[in-house]
Amino acid sequence: MGFGTQNAMVAILGGVVVGVVLFVPIVALSYRRRGRLTVWGLLGWVAALIYFVAIWSYTLLPLPDPESIRCVGHNLDPRTLLRDLRDARASGNPLRSAAFLQLALNVFLFVPLGFFARLLFGRGIFAATALGFVVSSLVEVTQLTGVWGIYPCAYRVFDVVDLATNTGGALLGSIVALVIPRRVWMRRPAAEVLQPHPVTRWRRLLAMVSDVLAPFLTAYVFGVAWRGFLLIIGEGELPDDGLVAWGDAVANTVTVLLIVGVIGATGRSIGDHAVELRYETGMPVFPARVLRILGGAGTFFGLGLIPQAGPILAFVFAVVAGVWSLVTVKGLPGTLMNADLRDAREAASPRAVSRA
């Protein structure tokens, strides 16, 4: 597998992993900026994350062996750009000129950055160009400092021409994004975002996925941090299995506390908060919130803790809950509570004695 192919795989896999980690924040941000998240919007975020991981991998990877690096200088003369263009023109065929191709690749590398700055963040040409300059500067300084001191010297050239062409690429990408209709990328007015939107099965699915991902990732991060701590105190080796198992038990406890705590305090799950949903029921607060926990992630993670059969039972529950959400948009929690599923920005109806 060639170097380019390896970097492409790193970019794709890394972008997908980062997308999973940031899924809940992305969903919440989209609903607060635009009032909704479409399939195209979600794909746009994933593409942007893949792109940013690609920038990192193509500019810094592979990290060399410190013993094998060769220190290089830097180029601070912006006139190099003009000389490269002049030499490419003099060659008679710029497409065969290595200098011209290097310049073109530096421009094209940052075109997506300007495009995403407008499409996902609603920023104009000036902001996109400034972002291109900042990101390119960060890359160049990272190379100049030997990855911020990890290496004794720079093993890749710091080049002001790269800085200029990268910035120009971001500018070009922002201009290209003008072909996208304004209503797609422009941030919606606050009054429009705050208006209630229809509760759809897609929206309910986003809430369910968020309810599972947020506690799972929280427990996973805790488990990784705990193992890292044990490796440090164990000088590279994990101690007895008892301490590892204790950490896993604490991580599982954190998961349960997160689910119970959020619903118990607010009556809404993490996913409900992310996509601005709430249940309205005539039941008293306490039993309604207990049923909200049991009808969703609480039961899913609780079943997963059962030895041996736990994962299978959790999977079966997830299938049942998913199918039931297709039958009725209010899903299993709404059925258990005999509740209506509404947009959280909608005023409470007279029927609602409590908000669960």
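Kindly list, by first and then second residue, each pair from a residue in the stretch 307-333 that is part of a loop (DSSP other than H, G, I, E, B) to a residue that is among the aromatic types (F, W, Y), limited to pairs with Cβ atoms under 9 Å and residues at least 6 apart or on different chains.
Correct list of pairs: K330/Y279.
Taking only the stretch 32-50 into account, find how many residues are outside any loop (DSSP other than H, G, I, E, B), within 18 Å of A117 (Cα to Cα) and over 12 Å from the mean Cα position of the chain (by Cα).
Going through the stretch 32-50 one residue at a time, the tally reaches 4.
If K330 passes every condition in (1) exposed (fewer than 14 other Cβ atoms within 10 Å of the Cβ); (2) within 22 Å of V27 (Cα to Cα) but one, which one does it miss?
Status for K330: all satisfied but (1).
Kindly establish whether G267 is under 15 Å from A214 (Cβ atoms) and of a type in the set (G, A, S).
In short, no.
Collect the residues in the stretch 298-314 that are touching a Leu at 6+ places or on another chain (Cβ under 8 Å) and loosely packed, with under 15 Cβ neighbours inside 10 Å, keeping them in residue-number order.
I306, G310
Give the residue that is farthest from Y31 (Cα to Cα), with candidates limited to residues of the stretch 259-272 that are surrounded by 22 or more Cβ atoms within 10 Å (Cβ to Cβ) and of a type outside the set (A, V, I, L, M).
S269
Name the pairs: first residue in the stretch 134-156 and closer than 15 Å to P66 by Cα, second residue basic (K, R), Cβ to Cβ under 6 Å, at least 6 apart or on different chains?
Q143/R156
So, of the residues in the stretch 283-293 that are assigned to a helix (DSSP H, G or I) and out of contact with any helix residue (DSSP H, G or I) (no Cβ under 7 Å at 6 or more places or on another chain), which turns out to be nearest to S325 (Cα to Cα)?
Within the stretch 283-293, the match that is nearest to S325 (Cα to Cα) is V290.
Since G122 meets every condition but one in (1) under 20 Å from the mean Cα position of the chain (by Cα); (2) part of a helix (DSSP H, G or I), which condition does it not meet?
Of everything listed in (1) under 20 Å from the mean Cα position of the chain (by Cα); (2) part of a helix (DSSP H, G or I), G122 misses just condition (2).
Condition first: closer than 14 Å to R204 by Cβ and either surrounded by fewer than 19 Cβ atoms within 10 Å (Cβ to Cβ) or hydroxyl-bearing (S, T, Y) (or both). Now tell me which residues in the stretch 273-297 satisfy that.
Scanning the stretch 273-297 gives a single hit, Y279.
So which of G228, G223, G236 ends up being at pLDDT below 85 and outside any helix (DSSP H, G or I)?
Within the list G228, G223, G236, the selection yields G236.
It is to be established whether one or more residues within the stretch 119-141 are touching a strand residue (DSSP E or B) at 6+ places or on another chain (Cβ under 6 Å) and surrounded by 19 or more Cβ atoms within 10 Å (Cβ to Cβ). Break it down into steps so the answer makes sense when it comes.
Initially, the stretch 119-141 is screened for residues touching a strand residue (DSSP E or B) at 6+ places or on another chain (Cβ under 6 Å), giving 140.
If we keep only those that are surrounded by 19 or more Cβ atoms within 10 Å (Cβ to Cβ) as well, we get 140.
Yes, that holds for at least one residue.
Consider S97 against the criteria (1) buried (at least 19 other Cβ atoms within 10 Å of the Cβ); (2) of a type in the set (S, T, Y); (3) modelled with pLDDT of 80 or more: it satisfies all of them except one. Which criterion is unmet?
(3) is the only condition that S97 fails.
Quick one: which of G264, G298 is more than 23 Å from H197 (Cβ to Cβ) and over 26 Å from the mean Cα position of the chain (by Cα)?
Only one candidate passes the filter, namely G264.
Could you tell me which numbered condition L172 fails, if it satisfies all but one of (1) among the hydrophobic types (A, V, I, L, M, F, W, C); (2) at pLDDT 85 or above; (3) over 24 Å from N106 (Cα atoms)?
L172 satisfies all of (1) among the hydrophobic types (A, V, I, L, M, F, W, C); (2) at pLDDT 85 or above; (3) over 24 Å from N106 (Cα atoms) except (3).
If I go through the stretch 148-170 residue by residue, how many of them are in a helix (DSSP H, G or I) and either within 24 Å of the chain's Cα centre (by Cα) or among the hydroxyl-bearing types (S, T, Y) (or both)?
So the answer is 5.
Is there any pair linking a residue in the stretch 203-228 that is under 19 Å from S325 (Cβ atoms) to one that is basic (K, R), with Cβ under 6 Å and at least six apart or on different chains, and which?
Once the first residue is under 19 Å from S325 (Cβ atoms) and sits in the stretch 203-228, no partner that is basic (K, R) comes close enough.
The values are calculated or read from the model by the stated rules, or taken from the named source; none is laboratory data. Treat the numbers as computed from the prediction; the structure is a model and nothing was measured. Backbone-built Cβ (ideal geometry, glycine too); neighbour counts: all protein chains shown.
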